[in-house]
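Visitor: Sending over a structure as structure tokens; questions will come in a sec.
The values are calculated or read from the model by the stated rules, or taken from the named source; none is laboratory data. What you are looking at is a predicted structure, and each value in this text was computed from that prediction instead of being measured. Here the Cβ positions follow ideal geometry from the backbone for every residue, glycine too, while neighbour counts run over all protein chains shown. For accessibility, only protein heavy atoms count, side chains too; no ligands or nucleic acids. Shrake-Rupley method; radii C 1.70, N 1.55, O 1.52, S 1.80 Å.
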Amino acid sequence: MSFEPLIELRGVSKSYPGVQHLSILREANLSVACGESVAIVGPSGSGKTTILNLLGTLDLPDSGQLTFNGQDLTKLSARELAKFRNSQIGFVFQQHHLLPQCSVWENVLLPSLAYQAQSPSKTEERAHQLLRRVGLSERVDHLPSQLSGGERQRAALVRALIQKPSLLLADEPTGALDRASASEVGRLLVELNKEEGITLITVTHSNELAALMGRIVTLSDGKLIATP
Ligand code: ADP
Ligand code: MG
């Protein structure tokens, strides 16, 4: 593992204007090195999804800096950001968000339709390898409705990894699963973090999942605090 930060938030603030102005992040700082696994924990409503959306460039900070490999992401155009997200970041959410009318195979290849990170044959090879890795080789032709909750989330994980991103962002990835499937998905996340050398940031209120990560930070009063 190198100690160069892959992604860094510096003095980032984010609020949601409205009748009740909500100041969610207040000059928050976070630096995550290449290959690290980090859990962000905090109570419901503390801003965990907000911070993950900022890290994934799905939303922009009001102020402060967001850098990736030293590059200030807040300076990129919408088009540049879309390509950046597609090629560098994998997302896993609490809900699988698989397309119901598409098979597992079609779903996991979807990101490669928008932007080809590698040749189609290499992408298909990777899809087979990842589906085997998560135990879905026998489910490639299934529709999401024909899968268990854990299997759907494992398919979503393959889709997140298909483009060989450098950063995997997971928002409550085990939140909708039963206990056994949750620990299976948690274990896969950290194993793939190591095997693929992919940096992992997961937001969760599950102590079990957080404990699997290399480091835990707590979101409190709009700031991220290292958990000893
Ligand atoms: P968490 O994921 O920790 O539960 P969120 O980041 O989703 O928290 O939300 C933090 C707070 O900001 C919540 O009080 C929520 O209601 C509010 N919030 C989230 N997104 C928006 C939005 N787009 N507009 C207004 N308020 C929002
Ligand atoms: Mg949330």
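Visitor: When you go through (1) in contact with a helix residue (DSSP H, G or I) (Cβ under 8 Å, 6 or more places away or on another chain); (2) loosely packed, with under 15 Cβ neighbours inside 10 Å one by one for SER44, which number turns out not to apply?
Guide: (1)
Visitor: For the structure I just gave you, tell me whether GLY42 is more than 30 Å from TYR16 (Cα to Cα) and either within 16 Å of ligand 1 (Cβ to nearest atom) or modelled with pLDDT of 95 or more (or both). I'd like the intermediate steps shown before the answer.
Guide: Values: more than 30 Å from TYR16 (Cα to Cα): no; either within 16 Å of ligand 1 (Cβ to nearest atom) or modelled with pLDDT of 95 or more (or both): yes.
For GLY42, the condition - more than 30 Å from TYR16 (Cα to Cα) and either within 16 Å of ligand 1 (Cβ to nearest atom) or modelled with pLDDT of 95 or more (or both) - is not met.
Visitor: Which residue, of LEU98, LEU113, LEU52, LEU81, is open to solvent by 60 Å² or more (accessible area, probe 1.4 Å), within 23 Å of LEU161 (Cα to Cα) and hydrophobic (A, V, I, L, M, F, W, C)?
Guide: Numbers: LEU98 fails: open to solvent by 60 Å² or more (accessible area, probe 1.4 Å); LEU52 fails: open to solvent by 60 Å² or more (accessible area, probe 1.4 Å); LEU81 fails: open to solvent by 60 Å² or more (accessible area, probe 1.4 Å).
One residue alone meets the criteria, LEU113.
Visitor: Cβ-Cβ under 6 Å, sequence separation 6+ or interchain: first residue in segment 30-44 and farther than 11 Å from VAL203 by Cα and among the aliphatic types (A, V, I, L, M), partner within 16 Å of ligand 1 (Cβ to nearest atom) and open to solvent by 20 Å² or more (accessible area, probe 1.4 Å). Which pairs?
Guide: LEU30/LEU224
Visitor: I'd like to know if segment 204-224 contains one or more residues that are open to solvent by less than 60 Å² (accessible area, probe 1.4 Å), more than 22 Å from ASN53 (Cβ to Cβ) and among the aliphatic types (A, V, I, L, M).
Guide: Initial filter on segment 204-224 (open to solvent by less than 60 Å² (accessible area, probe 1.4 Å)): 204, 206, 209-210, 213, 216-220, 222, 224.
Imposing the further condition that a residue be more than 22 Å from ASN53 (Cβ to Cβ) reduces the set to none.
There is no residue in segment 204-224 that is open to solvent by less than 60 Å² (accessible area, probe 1.4 Å), more than 22 Å from ASN53 (Cβ to Cβ) and among the aliphatic types (A, V, I, L, M).
Visitor: When the residues of segment 84-95 are filtered to those that are open to solvent by 50 Å² or more (accessible area, probe 1.4 Å) and touching a strand residue (DSSP E or B) at 6+ places or on another chain (Cβ under 7 Å), which remaining residue is farthest from LEU192 (Cα to Cα)?
Guide: From segment 84-95, those open to solvent by 50 Å² or more (accessible area, probe 1.4 Å) are 85, 88, 93-95; that's our starting set.
Next cut, touching a strand residue (DSSP E or B) at 6+ places or on another chain (Cβ under 7 Å) only: 88, 93-94.
Values: GLN88: 16, PHE93: 17, GLN94: 18 Å.
Filtering segment 84-95 for residues that are open to solvent by 50 Å² or more (accessible area, probe 1.4 Å) and touching a strand residue (DSSP E or B) at 6+ places or on another chain (Cβ under 7 Å), the one farthest from LEU192 (Cα to Cα) comes out as GLN94.
Visitor: Working carefully through the options LEU66, LEU52, LEU60, find the one that is closer than 17 Å to LEU25 by Cα and either within 16 Å of ligand 2 (Cβ to nearest atom) or not hydrophobic (A, V, I, L, M, F, W, C) (or both). Walk me through it before giving the result.
Guide: Working: LEU66 fails: either within 16 Å of ligand 2 (Cβ to nearest atom) or not hydrophobic (A, V, I, L, M, F, W, C) (or both); LEU60 fails: either within 16 Å of ligand 2 (Cβ to nearest atom) or not hydrophobic (A, V, I, L, M, F, W, C) (or both).
From the options LEU66, LEU52, LEU60, the qualifying one is LEU52.
Visitor: VAL19 is checked against (1) among the β-branched types (Val, Ile, Thr); (2) open to solvent by less than 20 Å² (accessible area, probe 1.4 Å); (3) part of a loop (DSSP other than H, G, I, E, B) and fails just one. What number does that condition carry?
Guide: So the condition that VAL19 fails would be (2).
Visitor: Separate question: Have a look at ARG152, ARG159 and point out the one that is under 18 Å from ALA82 (Cα atoms) and open to solvent by 10 Å² or more (accessible area, probe 1.4 Å). Write out each step before concluding.
Guide: Values: ARG152 fails: under 18 Å from ALA82 (Cα atoms).
Matching residue, one of ARG152, ARG159: ARG159.
Visitor: Regarding THR57, is this residue under 17 Å from the mean Cα position of the chain (by Cα), assigned to a loop (DSSP other than H, G, I, E, B), surrounded by 15 or more Cβ atoms within 10 Å (Cβ to Cβ) and within 16 Å of ligand 1 (Cβ to nearest atom)? Step through it out loud before you land on a result.
Guide: Working: under 17 Å from the mean Cα position of the chain (by Cα): yes; assigned to a loop (DSSP other than H, G, I, E, B): yes; surrounded by 15 or more Cβ atoms within 10 Å (Cβ to Cβ): yes; within 16 Å of ligand 1 (Cβ to nearest atom): yes.
Yes: the conditions hold for THR57.
Visitor: Here's another thing I want to ask about it. Determine whether LEU131 is within 16 Å of ligand 2 (Cβ to nearest atom), open to solvent by less than 10 Å² (accessible area, probe 1.4 Å) and under 30 Å from LEU54 (Cα atoms). Spell out how you get there, then give the answer.
Guide: Values: within 16 Å of ligand 2 (Cβ to nearest atom): no; open to solvent by less than 10 Å² (accessible area, probe 1.4 Å): yes; under 30 Å from LEU54 (Cα atoms): yes.
So LEU131 does not fit the description; no.
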